[in-house]
Amino acid sequence: MTKRPIVFSLVREQSIFMTAIMSLLTFLAVLAFGIALAIGTGVIRWNAQWDLTATVQIMDTKNTDTVKKIFDENATKIESVTEITTEKMHDLLRPWMSNGGGALENYLPKMYELQFNSTDDLESVQSQIGDRARFLTHAAALKSSTSAGWKMILISSFVLLLTLGAIGICISYIAQNTALLHRRELEILNQIGATDSYVAHQMQIIITKICIMAGAAGFAVAAPVLLLILGTAHSARVGLMAMLGISGWGWLALLMLPVVIIIFAIWITRRTTIKILKND
């Protein structure tokens, strides 16, 4: 069984340009998607870490015994109670305490850090403490960091959508340009009875080959860059950055993205080519 030859193909300059631009766009798409996944994983880990943790600040020393009694009565609901000593608060407030801030010591509250067994336990103890002390969950205190994480995910997703849009425009332009360059061949194909689907299939074969090479190159460059970003974030050991990561399923999704881009490119090619043929 002989293979049917491709009727026409991209000129060399077009092929090089198409491969280069698709490699770059695939790199940007994988990088944006990978960053979105890494930050999303970090936000989930961040929230899970602090959801059951709270700080109790006793501003009025007369309420200290009452609050401690509540802790004792709810011992089964509290996994751990850690008192934040004056020395620890001095360490936290050292820049202010060491520069004439000795008077500030008189206003330091009695503080406890609590780890609860469940959300219901946390809410139960919070309601019992009431106005006797300030009850602040760590998740609420760090809400701004979580909000910033979600905003970064939205930005990365927006960049991904822009990249996919650029891929669609690029392929559409190449298909139109190729149709103009090979107008004579298209006229001959029409005269001998070739269908629009057959001509579109020829273009799809060309674009598929280019996209496979570009997808492999783009992913091969993007993966080490993502690993470098994650390694840098982990080495910083600072808050949300230290929580960034991509799971096995995340890497599988990243690996599938170039495949999705190839399928998208094939669809755009067919749609654009048939549209041009019908207009002609």
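Residue separation times 0.36 nm, minus the C-alpha to C-alpha distance between Tyr173 and Trp150: what's the value?
Working: separation 23, 0.36 × 23 = 8.28 nm, distance 3.46 nm.
Roughly 4.8 nm would be gained on extension.
Between Phe17 and Val225, what is the spin-label point distance in nm, taking each point 7 Å from the Cα along the Cα→C-beta axis?
For the pair Phe17/Val225, the computed spacing is 2.3 nm.
Listed highest first by mean packing, meaning other Cβ atoms within 10 Å per residue, what order do 194-205, 30-41 come in? List each step's numbers first, then the result.
On the way: 194-205: 17.8, 30-41: 22.8.
Packing order, densest peptide first, comes out as 30-41, 194-205.
What does the highest-first list of 59-68, 218-227 look like by mean Cβ count within 10 Å?
Details: 59-68: 13.3, 218-227: 17.0.
Descending mean neighbour count gives 218-227, 59-68.
Which links in Lys77/Lys151; Lys69/Lys143; Lys110/Lys143 stretch past 26 Å when you go from one Cα to the other? Numbers along the way, then the final one.
Details: Lys77/Lys151 35 Å; Lys69/Lys143 30 Å; Lys110/Lys143 24 Å.
Lys77/Lys151; Lys69/Lys143, as the Cα separations exceed 26 Å there.
Values in this text are rule-based calculations from the coordinates and carry no lab data. Predicted model, so just to flag it, every value in this text is computed and none were measured. Using ideal geometry, Cβ is built from the backbone for each residue, glycine included, and neighbour counts are taken over all protein chains shown.
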